[in-house]
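Throughout, read-outs are computed from the coordinates displayed, never taken from laboratory work. Worth saying up front: this structure is predicted, and the values here are computed from it rather than measured. All Cβ positions, even for glycine, are placed from backbone atoms using ideal geometry, and neighbour counts span all protein chains on display.
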Amino acid sequence: MNSVTVDSLMSQIGNTRLTSDWVLIDQQRINAFADVTEDHQFIHVDEEAAKATPFGGTIAHGFLTLSMLSKLASETTFVLEGITAGVNYGFNKVRFLNPVRAGKRVRGHFVLDAHKEPRPGTHVLTYKVEVEIEGEPKAALVAEWVTMQMVG
């Protein structure tokens, strides 16, 4: 966690690329996500049937990869000093560029792109995000992720 003041946060806009640790996206995680979301499409959960696809095996749900941003950002992105709550605010853009095959590791790259304070103590931070797949030339996804932090 990168605890910062608002003043020091402003100097980070566009200047620092924060990179998370690698996280394994294994079949167990994919199956658990399928169970929670009730999305059991064979390409995600049927290892034998998925071998016959262009991917050669099962792949993670795009939304699983997207949902991993919380984990990837947890010890990477900026947290304002005095924070009382932090929440997802949304996305300006999300593009799924490359599937994550079961057994691959991913990591996130985050660049603070914008900061707004729409009302005193409420801070809206926008990050440009790329999720890298270990050993792959093309990212799994890119996004503009908007978060909100309340400082009390």
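One quarter of the surface of the convex hull around the alpha-carbon atoms of region 2-151 equals 9.3 nm², the direction-averaged projected area.
Summing charges over neighbours of V6, with a neighbour being any other residue whose Cβ is under 11 Å away from its Cβ, gives -3 when K and R count +1 and D and E count -1.
Could you tell me the relative contact order of region 2-151? Use alpha-carbon pairs under 8 Å, at least six residues apart, and round to a whole percent.
Working: 311 pairs, mean separation 43.9, N = 150.
Worked out over region 2-151, it gives 29 percent.
Taken one residue at a time, the phi angles of region 85-93 give Karplus couplings (6.51, -1.76, 1.60, θ = phi - 60°) of 6, x, 9, 6, 10, x, 10, 8, 7 Hz. Gly and Pro are set to x. Taking packing as the residue-averaged number of other Cβ atoms within 10 angstrom, the listed peptides 99-112, 30-43, 131-144 run from highest to lowest as 99-112, 131-144, 30-43.
Site pair R17 and R105 shows an inter-label distance of 1.8 nm when each label is modelled 7 Å from Cα along Cα→Cβ. Within 14 Å, Cβ to Cβ, of F110, how many net charges do the neighbouring residues add up to if Lys/Arg are +1 and Asp/Glu are -1? Residues close to F110 contribute a combined charge of -2.
Full extension of the segment from D35 to A85, taken as 0.36 nm per residue of separation minus the current Cα-Cα distance, would add 15.1 nm. Each helix, a run of at least 4 DSSP H residues, gives -39500 (n - 2.57); summed and divided by the residues of the chain, these come to -5000 deg cm²/dmol at 222 nm.
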